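Okay, so here's the structure we're looking at.
Quick note: the coordinates plus some simple rules give every number you see, no bench work behind them. Computed from a prediction, not measured in an experiment: that's the story for all the values here. When we count neighbours, we look across all protein chains shown, and the Cβ atoms used for this are built from the backbone with ideal geometry, even at glycine.
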Amino acid sequence: MSKRPRRVRDPYGLQVLSKRLTIASNRMTGRMAEDSFAMTQRMQGHEVRKIRKGGDFVVQKTDGFGRKIGKPITVEVKTGGSELSEAQRRKKGRLGRRYKVVRY
């Protein structure tokens, strides 16, 4: 087997910079979507807590007096066509109807 010569498509290394900017932009868009979701839920009178693994928030419905209603729901906020991670898929399978994916 002979090796074919590699084509140099990016001689100045700009593709790495472009990818870095794209990832930074996606991260910022995701954070803005999470902040927007949390703000709308709080405006509706729900209690919103940020969690670390398997989702973004735990949302608990409350009445006008601050009493909790029903069971808490774990919410994952996604933007564009992004997919769930492995931990998020496991948690969704474990929680069933109490896990919700919200797209912005």
Please tell me if Met28 is loosely packed, with under 11 Cβ neighbours inside 10 Å and within 20 Å of the chain's Cα centre (by Cα).
yes
Say we look at region 33-71 and pick out the residues that are among the charged types (D, E, K, R), crowded, with 16+ Cβ neighbours inside 10 Å and within 19 Å of the chain's Cα centre (by Cα); which of these is farthest from Lys91 (Cα to Cα)?
Glu34
